[in-house]
Each structure stands twice: as C-alpha cells, then as structure tokens.
1. If the requirement is being surrounded by fewer than 16 Cβ atoms within 10 Å (Cβ to Cβ), under 19 Å from the mean Cα position of the chain (by Cα), assigned to a helix (DSSP H, G or I) and without any contact (Cβ under 8 Å) to a residue 24 or more places away in the chain, which of these qualifies: 105, 98?
2. Hey, among the residues in segment 119-136 that are more than 19 Å from residue 19 (Cβ to Cβ) and in a helix (DSSP H, G or I), which one's nearest to the chain's Cα centre (by Cα)?
3. If residue 50 satisfies every condition in (1) farther than 25 Å from residue 10 by Cα; (2) of a type in the set (Gly, Ala, Ser); (3) modelled with pLDDT of 95 or more but one, which is the exception?
4. If only one of 113, 68, 56 is part of a helix (DSSP H, G or I), of a type in the set (Phe, Trp, Tyr) and in contact with a Phe, Trp or Tyr (Cβ under 9 Å, 6 or more places away or on another chain), which one is it?
5. From the list 34, 16, which one is touching a residue at least 40 places away in the same chain (Cβ under 8 Å) and closer than 21 Å to residue 126 by Cα?
6. I want to confirm something. Restricting to segment 1-39 and keeping residues that are among the β-branched types (Val, Ile, Thr) and assigned to a helix (DSSP H, G or I), which single residue is surrounded by the most Cβ atoms within 10 Å (Cβ to Cβ)?
7. Given the structure, is residue 47 surrounded by 15 or more Cβ atoms within 10 Å (Cβ to Cβ) and either on the phi > 0 side of the Ramachandran plot or without any contact (Cβ under 8 Å) to a residue 12 or more places away in the chain (or both)?
8. Tally the residues that are at pLDDT 95 or above and touching a strand residue (DSSP E or B) at 6+ places or on another chain (Cβ under 9 Å), restricting the search to segment 76-108.
Amino acid sequence: METMYINHWAVIVCAALNLVVGAIWYSPALFYKAWKNENNLSDEEIKRKAKPALTYTLAFIFALIISYNLAFFLGDDKTDWVWGMSAGFLAGFGWSTLIFAIVALFEFRSWRYILINGGYITVYFTLIGLILGAWR
C-alpha cells in the first residue's frame, strides 16, 4: 500500500487562504465593482443582506473540506510543489471552474461574471495545490 501523507497545518493554512485570496480578488482594487455590477448589487443591498459571521464561518468550513480533498489527492509521498501546483490548476480550472461555467451559462450569466469567479477559483486551487505539494 502507498504511503499517504497529509500535513494538517498546510490544510488549515490553505483553508484560511481561501478568505485571504477572496478578500484580495473581490476587493475594490481588483474585481469588486465588476462583480457587484454583474450581480446587480448595490453597496447598500450588500450591507443589508450581509451576515459576515455565518458567511465567513461556512466559507472556512467549506474551504477546509476542499483543502482536505485536494490534500488526499496529493497525499502520495512523491508529491512535490510542481505536481501540487499542476494538480491544483487542473482541479481548479478543469473541474471546478468549468462546472461553474456550465451552471452560469444555463443561468444566462455573462462571460465577465464567469471569468471573474472562474479566475478566482482557478487561482485559489492552484495556490493551495502549490502549498500542499511544497509543505510536506
């Protein structure tokens, strides 16, 4: 049987990184305004509907599950940062972003919407693959 190696600290960091990358990606410096316009949201509506404690708690839990899932795929003792980053990109773009794009197409979403959110998904998965591959 193969040796399975999971660095639990790396997984926790990867889960937290979801919130960090999201904060940067969807910040006013990058895609906040475009994302807000693509979702037909105003600042007032966002403030009114926001439930930060619930949203960030669930986002962290979901990111923890995502990170453990990728860590299991990369658990082989031969995994390195190159394979980790490659696998992260393939999982992020090849599975997650493309299924997100399919759903968005049927919801009649714009290509701009798909690229903003799909770009975030791809970047996040690539980064966590890199971390999980490197931090052995």
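1. 98
2. The residue in question is 133.
3. It fails just one condition, (3).
4. Answer to the selection: 113.
5. Only one candidate passes the filter, namely 16.
6. Among those residues, the one meeting the criterion is 11.
7. no
8. Residues that pass the stated criteria total 1.
The values are calculated or read from the model by the stated rules, or taken from the named source; none is laboratory data. Since this is a predicted model, take the numbers as computed values, not measurements. Backbone-built Cβ (ideal geometry, glycine too); neighbour counts: all protein chains shown.
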